[in-house]
Amino acid sequence: MKIVICGSMYFAKEMLEVKAQLEKKSHFCFVPLDIYDCLKNPELSMDLKHCFKTNVQKKCFDNIKEADAILVLNYRKNGTEGYVGGATLMEIGIAQTLDKKIFLLYPPPKIEDLRYSVEIQLAKPIILNGNLDLIS
Amino acid sequence: MKITICGSIAFQDKIIPLKDKLEELGHEVKIWPLKVKDGGGQLISVQEYYQIRRTANNDEKWVWDRKAEAIMEHFNKIAWSDAILVANYDKIVETPSHLSSHSTSAHSANNIKGYIGGNTLMEMGLAFFLKKKIYLLNQVPELPYKEEILGVKPVILNGDLAKIQ
């Protein structure tokens, strides 16, 4: 399966680890094109100049079009379990529109923590509870 | 120009006159439906539906089915349009204390200028992906996803609809 790995760039290291695990299971993975830069400096993902220069968001959307599924790495962040950021929310919307499978590594955040958890849940994601073997 | 207005149902009282103004300026405009079917199949106003949804539980399936249908229908309207206009008015929003720097209670209410909710952010992402113009009626809100909003390169109208072209 062709899978786009999505999530906060603060988890760039984890993205590469998951990519390696999925590749061992014969999946093909897309990761953000600036992932190695973000490994050194996660703040880059918040730097608009960098984002415009690399066109990273547009390229990620285009990858979703090419892929069969997205996998959202929603680790705990800023005290929120299952955190999903704004860019990832948009990616979920694109995947939903294009009728791609949407995998969430962990359960979605609580609505009390992130109001747009409703939209995430309505996109009907498959919750993996941390088990990548469930991707099929 | 074909325009789809995006924004919270909470702004309905402002969005309907906004649609009228755009039509007076010669645009073709779509918004969300004004009526939806309730659990018994009866048509109710979208405002009534919004009030029900605000307090709905997870097991009130029809409420969430309507929301899911509305999301996809609005995505289709964006695909139809040349541009989206994000109707981002001020809104009082409750924020969990661990996400707010100024609160000692579990939640704090903040007046967000030019509020854009998660659903509208998804719509902006889709418009960007489909290469549609993205207009923002008012200023970019101070929200955790401000960079994502700016990243889709919206044209900020500061209330001036004549700038839409």
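3J(HN,Hα) along region A:4-13: 8, 8, 10, x, 5, 6, 5, 10, 4, 4 Hz, from the Karplus curve 6.51 cos²θ - 1.76 cosθ + 1.60 with θ = phi - 60°, whole Hz, x for Gly and Pro. The Cα atoms of region A:25-98 give a gyration tensor whose axes a ≥ b ≥ c have a/c under 1.5, which makes the shape rounded. Straight-distance candidates among the lysines for linking to B:K67, with alpha-carbon spacing under 17 Å and chain neighbours fewer than 8 residues away dropped: A:K124, B:K35, B:K37, B:K77. Just check chain B against the gyration tensor rule for me: Cα atoms, a ≥ b ≥ c as the square roots of the eigenvalues, rounded for a/c under 1.5, and otherwise prolate or oblate depending on whether a/b exceeds b/c. Here chain B falls in the oblate category. Cross-link partners for B:K113 among the lysines, with Cα-Cα distance under 20 Å and sequence neighbours closer than 8 places in the same chain left out: B:K14, B:K91, B:K146, B:K153.
Cross-link partners of A:K40 among aspartates and glutamates, defined as those whose alpha carbon lies under 13 angstrom from its own and excluding same-chain residues fewer than eight positions apart, are absent. Specify whether the C-alpha gyration tensor of region A:75-132 places it in the rounded, prolate or oblate class, a ≥ b ≥ c being the square roots of the eigenvalues: rounded for a/c under 1.5, otherwise prolate if a/b is larger than b/c and oblate if not. Taking the square roots of the gyration eigenvalues as a ≥ b ≥ c, region A:75-132 is oblate. From the backbone phi of region B:40-57, what are the Karplus-calculated ³J(HN,Hα) couplings (6.51 cos²θ - 1.76 cosθ + 1.60, θ = phi - 60°) in whole Hz, Gly and Pro given as x? Using θ = phi - 60°, the values come out as x, x, 7, 6, 10, 5, 5, 5, 5, 4, 4, 5, 5, 5, 4, 10, 6, 8 Hz. Applied to region A:116-128, the Karplus parametrisation 6.51 cos²θ - 1.76 cosθ + 1.60 on θ = phi - 60° returns per-residue 3J(HN,Hα) values of 7, 4, 4, 5, 5, 5, 6, 6, 6, x, 8, 8, 8 Hz, with x for Gly and Pro.
Alpha-carbon geometry of the protein assembly as shown: the Rg and the Dmax are 19.2, 59 Å, given in that order.
Before rounding to the nearest 500, sum -39500 (n - 2.57) across all DSSP H runs of length at least 4 in chain B and divide by the residue total; then give [θ] at 222 nm in deg cm²/dmol.
On the way: 5 runs with 60 residues, N = 165.
Taking each H run of at least 4 residues, the total per residue is -11500 deg cm²/dmol.
In region B:134-165, which residues become less accessible by 50 Å² or more once every protein chain is in place, relative to the chain on its own, using a 1.4 Å probe? Buried-area filter returns B:E147, B:E148. Distance between the pseudo-spin-label points of B:D90 and B:D59 (7 Å out from Cα toward the beta carbon): 4.1 nm.
Full extension of the chain segment joining B:N158 with B:M72 gains 28.1 nm, where the gain is 0.36 nm per residue of separation less the Cα-Cα distance. Both chains summed, the buried accessible area for B and A stands near 2700 Å², from protein heavy atoms and a 1.4 Å probe.
Under a 5 Å amide H cut-off, with hydrogens placed 1.01 Å from N, B:N88 pairs with B:L137, B:N138 among residues at least 5 apart or on other chains.
Under 5 Å from the amide H of B:V155 lie the amide H atoms of B:I134, B:Y135, B:L136, each residue being 5 or more positions distant or on a separate chain, with H modelled from the backbone and absent for Pro and chain starts. Under a 5 Å amide H cut-off, with hydrogens placed 1.01 Å from N, A:V72 pairs with A:C6, A:F103, A:L104, A:L105 among residues at least 5 apart or on other chains. Counting 0.36 nm for each residue step from B:K131 to B:I16 and taking away their Cα separation leaves a gain of 38.8 nm. Computed from Cα atoms alone, the Kirkwood hydrodynamic radius reported for chain A is 14.8 Å.
Quick one: with all protein chains in place, what share of the accessible area of region B:1-71 is carbon or sulfur, to the nearest percent (1.4 Å probe)? Present the calculation step by step, with values, prior to reporting the outcome.
On the way: 1900 of 4010 Å².
The C+S portion of the solvent-accessible surface of region B:1-71 is 47 percent.
The values are calculated or read from the model by the stated rules, or taken from the named source; none is laboratory data. Keep in mind that what you see is a predicted model, and the values were worked out from it rather than measured. Neighbour counts are summed over all protein chains in view; Cβ atoms, including those assigned to glycine, are modelled from backbone coordinates with ideal geometry. Accessible surface is based on the protein model in full, side chains and every heavy atom, while ligands, DNA and RNA are left aside. Shrake-Rupley method; radii C 1.70, N 1.55, O 1.52, S 1.80 Å.
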